[in-house]
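In what follows, a structure is listed as structure tokens, so that the remarks can point back to it.
The values are calculated or read from the model by the stated rules, or taken from the named source; none is laboratory data. None of the values given here were measured: they were computed from a predicted structure. Every residue, glycine among them, receives a Cβ derived from its backbone with ideal geometry; neighbour counts consider all protein chains shown. Heavy atoms of the whole protein, side chains included, go into the accessibility calculation; ligands, DNA and RNA do not. Shrake-Rupley method; radii C 1.70, N 1.55, O 1.52, S 1.80 Å.
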Amino acid sequence: MRRRTIYICLLVVMCAIGIGFWKVTRARATAGSSPATYLPSWNPKAAADYLDRREVWWQYWPVAQMDHGTICISCHTVVPYAMIRSTLGRQLHETGMPAPEKVLMSNVEKRVGSWSEMVPFYSDAADGPGKTAESHATEAVLNAVILAGYDAQHGHLRPITRTAFDQAWALQEATGENAGGWKWQDFHLAPWESAESGYQGATWLMLAVEDTPDGYATEPQVQPHLDQLQQYLKRHYAAQPLVNQLYILWLSSKVPGLLTAAERKTLLEVIQSLQQPDGGWSLSSLDPRSRLENDQWERLKRQLVEIANPAESDGYATGLVVITLEESGTSSQSKTLRHGVEWLERHQRGDGSWRAYSLNEKRDPQSDIGRFMSDAATAYAVMALDNTHWQSVGK
């Protein structure tokens, strides 16, 4: 009996050793022969393919076609694509710019180079009073953001980018409550085409300026514009929805003084309180819009959207929060940050994307229009995971 017990114990130990050896061997085979190789738990190639497909679709979509053979620059698909595609290509060791990115950059450069001839995306005649000016200023900011982001990746400020900045500065508001900011296209569509969106656009531009190479941010002719912009951001901070305040937390690592210690502490506490049990965040909790739109129909529509799209975690909100925490110096050991990263790692979809939902309408998530929010979510998720994972690949 004793001998039989010993045999059984030996068998159990050998099985345990065998399982352990199998796991180690499998891990090494997956990782490759080099012990320094690091494979992320998400698929960068699938994300790049998804973003490329969506950019191509947008470039050929009839609604996006503009004058002079150009296309509309969308905040949900084109701008996030431009923000991340060069970085993603470098991490994937691509030898050249992918075709969709070439078309995008050529389009933006063409519109900047022939700015006085270009027709704004929207107009007073077709879309209502004030839309021409709103559209013109919005495009000027986005053009500068896109071109500056490209130059930051390549370490040199090109003349075309300087021209884009000049066009944006020329349309910066000089007086009034919004002095330092810009008019912004407002169709009551959060988060990018609503009353609150101009503030977000202003943070994008300041982030772009701070990252622009060749000392652009310190040039004497740029300083007055930056001073006005900084005052605008500080003056309107308290009235912003959380989604916009997150950008200020991101920007505060580059522009000290934008947030007080108390504001930073409060913001971090709110972020932590809104993290969902699964580790992610929901855009509907970051941008409830209730303080900004009081019309009865808008409230009813919002309620219907909330019923159709419950406040579940999504890739855009989670990606933005994770980026903000990373950029603002949050420790990698933070449970809040770690759980957010883990949510992103778990929720990439089979087509390479991360899901997000419209705050404005109930849309078919499988339709091209229904994917707009997922386009942004995918780019922001990649930005967040790029900061986290690629440090181990010899970045």
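Of the peptides 213-226, 172-185, 356-369, the order by per-residue mean of other Cβ atoms within 10 Å, starting with the highest, comes out as 172-185, 356-369, 213-226. Using a probe of 1.4 angstrom and keeping all protein chains present, the accessible surface of segment 140-294 works out to 40 square angstrom per residue. Karplus-based coupling profile of segment 348-359, in residue order and whole Hz: 5, 8, x, 8, x, 9, 10, 7, 8, 10, 5, 7, with θ = phi - 60° in 6.51 cos²θ - 1.76 cosθ + 1.60 and x standing for Gly or Pro. Skipping prolines and chain starts, which residues have an amide H placed within reach, meaning under 5 Å, of the one on residue 71, given they are 5 or more residues away or on another chain? The answer is 66.
Taking the three principal axes of the alpha carbon atoms in segment 93-226, the coordinate ranges are 45, 35, 29 Å, sorted in descending order.
Rolling a 1.4 Å probe over the heavy atoms of the protein chains gives segment 57-137 an accessible area of 44 Å² per residue.
Between their Cα atoms, which of 183/234; 45/254; 45/362; 254/335; 45/102; 265/335 are more than 20 Å away from each other?
Distance filter (> 20 Å) returns 45/254; 45/362; 254/335.
How would you rank 61-69, 333-341, 204-212, 116-124, highest first, on the average number of other Cβ atoms within 10 Å across their residues?
Working: 61-69: 11.6, 333-341: 17.7, 204-212: 21.3, 116-124: 15.4.
Highest mean packing first, the order is 204-212, 333-341, 116-124, 61-69.
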